Every structure is written in C-alpha cells, then in structure tokens.
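Trainee: One structure coming up, written as structure tokens, with questions to follow.
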Amino acid sequence: MPAAPDLSTYPDQPGIYIYRSAAGKILYVGKARSIRKRLASYFGAGPKHPRTEALLSEFATIDTVVTSNEMEALALENVFIKRHQPTYNVCLKDDKTYPYIKVTTGEPWPRAFVTRRFQKDGHSYFGPFLPVRTCRGAMKMVTRLFQIRTCRIEIDGSLPRPCLYHDMHACLGPCVAGLTTREAYADAVNDVLLFLGGKNAELRERLAGKMRTAAEEERFEMAAAYRDCLRTVEELEQKQRVDLTSGEDADVFGEFADGGNLSAVLLVVRGGRMLDSRSFFFERIGDVEPEEFWVSFLEQYYDSTTFLPKEVHLPVDVADEALEPIEEWLSERRGGRVTIRVPRRGAGFDRIRIARDNARENHARRFRKTREAGEKATLALARALDLPLRPSRIECFDVSHFQGAETYASCVVFLDGHPAKKEYRVFRIEGAAGDDFASISQAVARRYSRVRDEGGVLPDLLLIDGGKAQLSAALASLDRIGVEIPAAGIAKREEKLFVPGRTSPVELPRRNAGLRLVQRARDEAHRFGLRHHRAARTKAALRSPLLSIPGIGPGSVRKLLTAFGGADAVLAATGEALAAVAGKRAAQAILRSRSLPEGDPGYNRRTP
C-alpha cells in the first residue's frame, strides 16, 4: 500500500478529492466539508472497510478540486462519477426509463417533444412523468394552449404555407413569415416553461394580463383563447391543491443485498396514493457501507429528475451531516423544504416494508438465473478438469501482436461464470517480439508476482489461450515466482483442453456448459487484447517514418503497415505490391523517395 500522503499540503476547505491509479485512472471520487480532515480518516489507525483497504492498496495519487461550499462539491462529485464511472464508487443503473417533455430552449425557435433520454445539453427537460399516460396529456396541453411547434424542420420563414397543425390552432406557424413574431413565439415558450414547471400562479397572472390587453385592443378571438387557457390552468391548479391536501408526496426507498449484489426499489407516492415503482440493480457491488451507498444513490437519481417530493423515506439510518447538503440541494431545486428521514411507525414505515419486500423479490428474479447459470458452468468445468473446488474466479490470458510488433498480453477475469470487466488487465510485452511462449511467461509472472506481493486474490483456475507449449510456459513462470494455481490450456480450432499431468487432452461435448464458459473467456481475452494491440498499432502508424514521404498521409500509412507489417517492409516492397494496397500515386511517392539524395526531406534509407 502506498505511504500516506502529507496531509498538510491538502486544503482545509470544501471540495472533492480524486483517487487515481499509477496509470492516471480515476478510482474513487468523494466530497467533503474539509478535504484535509476527510483524507485523514482514510489513513488513520484502526480497522477499515474492505473496499477502503482495496482502494488504498491500488491508488497512487490524490487530486483535489476546491469549491466554495459543500453543495457545489455535491454537484461536482455527481458530475465526475457519471462521467468517469470510478471503480470504487456506486454508479446508478435503472431498470427502465420514463418519458420527459423536452423544450429545446437552446434553439432560436424552440420546439417541444417527448423523449426518454435525459441529457445535459442546454435544453429544458420536465419529468419524469408518472404514470406514463400523464405525459401524453401534458403534451396535448402544450400544443393546444400555447401552440409551440413539435416538428423537426429548420425554421427560416421561407415556406409558402403552414402545415395542418397551424390550421388546427396547435402551432403558431413560425415556418411561414408573417404568421407570428419572434417576440410572440418567445412569449409562448415562456408560458410553456411556467406551465410544465408547475408555476401556475405566475402563469395565471401572465394569461390574465394578456387576456385584458387583447380585449382592450379589440382582438376578441385572441382574448377568448387566453380566457379558455386561463380557465384550464385554474382547473389544473385547483385539482393539484385537492390532491395535495388528500395525502403526502413522498419517494419511498427499500433495498435488499445478498451475494455482493444489491436491489433497490422506489415507490412513488403522490397525494397519499402509490402511483408507480422503479427498480435499480447493482451487480457485484460488494459490501458497501449504507451511508456511502445512499448518499451516492440520491445524488445521481435526483440529478436526473425534475419532480421533487416533499419527503424522501430511506430504509436505513444515514448520518445527518451526510444528508444535510443533499437536503439543502433538493430544497433549493424544489423551491420548498425537502426532508429525508427514516420512518419508524405508521404509513411511512409500512411503505418502507413494502419497498423492501419488493426489492427482495426483484433481487431473487434478477440474480437467481444469473447465479444458477454461472454455478452450473463452473461446476461442469470442475468435473471435467477434476478440480478440487468450483472455479468461481477464472483468469484467462491471450497474446496479440502483428508479426512481432506491438505485442500485448491480456488478462480477463470471470467471477461465477460472468465477466468482471473492472478487473481486466493488459500487459505491454517487452523483449519478446513474436515469441508467444515468452510473452505468456512474462505476463503471467508480472500478474501473479504483484498479486502475491500485495496479498491479492489468486484465481481458482488459470486459462491459457494455446496448447501444451503455451501452458508449459505459464506453469514454468508460476514455478519461478513460487505461486501454485490450477491451470489449463485451450487449443484453437480443436477446442481441446490441456491439463497438467494428463497425457491426452480433455475433449468435452460442444454443448457442455464448462466448455462454453472456457470459450467465452478465451474469446473475451482475445477481444480485449486485440483492442489494445490495434490502438497501439494506430499510434505507431502516426509515428511512422513513412509520414515524411511527400504525398503519404496517415490513412495510407495505416493501410501499408497493416498489409506489410512494418516500415522497412513497405520500403522494400515492389511498386505493384504498393499500388495494390495504397494506390498508384502512393506507390510512386514511395518509389520516388528511394532515389532521393540523403538529407532531402523525403529521403528514406532504403534503396531499390
């Protein structure tokens, strides 16, 4: 574990702190009222949570961003978590999406439409609408009362006539010059924003003023339209008032965790009635502290919804100091007090129990099949390879290179038969170009010597993509570093498994669950390694000396290196071969560069 940093150099101010790995990857993002004091709690004496110990064993540096208050830190932490998906943070995943009404206020002539994707793109979103049918009703009100457009066409006023929506009084017709003005249209958009934002009192005053002005100017048809719109808004406001007095508005949460997986349920209570529920699932979250989970969960969930209740009910106690900034943030967004509490009795307690029961049932449905399938595959593999334990943790290695260039070894991890992508690793191989056996040996030694030194978890089974020779190289490497792991190799094409101590390979039926698991791990290791190998080749192409040849660009260089494997091979190739890959013009440029005198900008050391 890295030594504790000098905490005196960190600010005693609000902000966020960012744990990074040696490669610069963000591992964890947290917020604090005092960054210095919060970091001191990580490195103090005494027992620590397993996730904290894992984080401290992996981090290399800690960055900070200072904010003016804790609320700003809360918002900034949420942005970082959503953008970077840190390994040790709780990241929100919903089981379904609900509709929003989007008003494109970032455009000159805004339009309104229904969407299920909430994005921070400079436009205005309203929702989510629960139940879903209320979204259609709200959208109908927007077009009928305020007449802003819903179409996708570009508005420049050049169309000769409006569409049917204008004739139906569902659009002001900005697409035709003279039908409306920019000021009148902007006024209608402002009314829509007030209506969807629930600011009916302000909207009612605006509509009443417009009605009086239209009547004074003897535009009686327009005044009548404003009158009808005003009546509708007043009816909606009265209905909302009745609903609010008939019961509470609350979001009720429940949770259930087992086997490192967690299920959460939200019950949406409006006017004392339960309108809907939402389910959230967190796979392989491990043993996470309730305070860390619920603070992160509430931050991310309420950042993507515009309707905020008066109360939020949680199933477990969370420290007041952790909830205070969230309550303040929610209250500011709502324009009224929002309270987060844990009900102890009454209807609130009963709803918490219902939410928890639903979370338990959802957990069983969501994770049982996944768990059973993984257990079946690993048990089948244990029987086939005569392993002492079910291989719940499998690590598979593969090597990727092109004619010895840019050699990478990949290591993928499967837990209970399913990929654990956050634990994947890749190794750049040095000094073993084109030698698959030496590459495997080097990668295995680097991987497990570090696991041994850091007290990490060894796999129950090591898989090598290759036959006897590759497996022998891996086993020899394990012997040198003093690590013992059950291992097997899978030969390509024949799909035979080679096991140490057996003279003949293990052949399993094509439908065997154990064989399919091995094939999945092998294919995933190949895919993961190939991705890094190709990225490295692309970078190498952009650094190629071929770019110094006039008339040769990055696209041609990539084609040539892919076909010939290296710059020297390209420069030694015949004109016909070059033309077949990159075209006659590129071939002539390369041939021309061979005959230039040394010192010329287009010179290459190769000669024909």
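Trainee: Would you work out the Kirkwood radius for the stretch 447-561? I mean one over the mean of 1/r across all pairs of different Cα atoms, in Å. Display every interim value, and only then the final one.
Mentor: On the way: mean 1/r = 0.0583 Å⁻¹.
By the Kirkwood definition, the hydrodynamic radius is 17.2 Å.
Trainee: Which Rg and Dmax, in Å, describe the Cα atoms of the stretch 7-84?
Mentor: 12.3, 33
Trainee: Given a cut-off of 30 Å, name the pairs among Lys48/Lys421; Lys25/Lys376; Lys210/Lys310; Lys421/Lys468 whose C-alpha atoms lie farther apart than that in the structure shown.
Mentor: Numbers: Lys48/Lys421 25 Å; Lys25/Lys376 35 Å; Lys210/Lys310 33 Å; Lys421/Lys468 28 Å.
In this structure, Lys25/Lys376; Lys210/Lys310 lie more than 30 Å apart at Cα.
Trainee: While we're here: If you take the Cα atoms of the stretch 544-594, find Rg, then find the Kirkwood Rh from the mean of 1/r over all pairs, what is Rg/Rh?
Mentor: Working: Rg = 9.0 Å, Rh = 10.3 Å.
Rg divided by Rh gives 0.88.
Trainee: Restricting to Cα atoms and excluding each atom paired with itself, what does the Kirkwood estimate give for the chain in Å?
Mentor: Numbers: mean 1/r = 0.0334 Å⁻¹.
In the chain this quantity evaluates to 29.9 Å.
Trainee: With the Cα gyration tensor of the stretch 175-218 in hand, convert its eigenvalues to equivalent ellipsoid semi-axes via √(5λ) and list them largest first in whole Å.
Mentor: Numbers: eigenvalues 84, 57, 6 Å².
Over the Cα atoms of the stretch 175-218, the ellipsoid semi-axes are 21, 17, 5 Å.
Trainee: Right, something else. Set Lys and Arg Cβ to +1 and Asp and Glu Cβ to -1, take the dipole of the stretch 7-84 about its Cα centre, and tell me which of Ala23, Thr61, Gln13 lies farthest positive.
Mentor: Ala23
Trainee: Also: Which Cα, out of Gly254, Trp329, Trp294, lies furthest along the positive dipole direction of the stretch 250-364 (beta carbon charges, K/R +1, D/E -1)?
Mentor: My answer, from the dipole projection, is Gly254.
Trainee: Give the angle, between 0 and 90 degrees and rounded to the nearest 10, that separates the Cα long axis of helix 436-454 from the longest principal axis of the Cα atoms of the chain.
Mentor: 60 degrees
Trainee: With bins 10 Å wide starting at 0, give me the P(r) of the stretch 250-364 over every alpha carbon pair, in whole percents.
Mentor: That works out to 14, 48, 34, 5, 0, in percent per bin.
Trainee: If you place +1 on the Cβ of every Lys and Arg, -1 on the Cβ of every Asp and Glu, and leave all else neutral, what size is the dipole of the chain about its Cα centre, to the nearest 20 Debye? Walk me through the intermediate numbers first.
Mentor: Details: 93 positive and 79 negative charges, 415 e Å.
Computed about the Cα centre, the dipole is about 2000 debye.
Trainee: Can you classify the stretch 397-517 as rounded, prolate or oblate using the Cα gyration tensor, where a ≥ b ≥ c are the square roots of its eigenvalues, rounded means a/c under 1.5, and otherwise it's prolate if a/b beats b/c and oblate if not? Don't skip to the end; give the middle numbers.
Mentor: Working: a/c = 1.42, a/b = 1.20, b/c = 1.18.
Taking the square roots of the gyration eigenvalues as a ≥ b ≥ c, the stretch 397-517 is rounded.
Trainee: If each of Ala420 and Phe43 carries a label point 7 Å out from its Cα toward its Cβ, how far apart are those two points in nm?
Mentor: 2.8 nm
Trainee: Let me ask another. What is the gain in length, in nm to one decimal, between Leu7 and Leu547 on full extension, counting 0.36 nm per residue of separation less the C-alpha to C-alpha distance? Mind showing how you got there, number by number?
Mentor: Numbers: separation 540, 0.36 × 540 = 194.40 nm, distance 4.84 nm.
Between Leu7 and Leu547, full extension yields an extra 189.6 nm.
Trainee: So what's the angle, to the nearest 10 degrees on a 0 to 90 scale, between helix 220-245 and the longest Cα principal axis of the chain?
Mentor: 70 degrees
Trainee: Let me ask something else. Can you tell me the orientation of helix 200-216 relative to the chain, as the angle in degrees between its alpha-carbon axis and the longest Cα principal axis, to the nearest 10?
Mentor: In the chain, helix 200-216 runs at an angle near 50 degrees to the longest axis.
Values quoted throughout were computed directly from the atomic coordinates according to the rules given, and no laboratory measurement underlies them. These numbers come from a predicted model, not from an experiment. Positions of Cβ are backbone-derived with ideal geometry, glycine not excepted, and every protein chain shown enters the neighbour counts.
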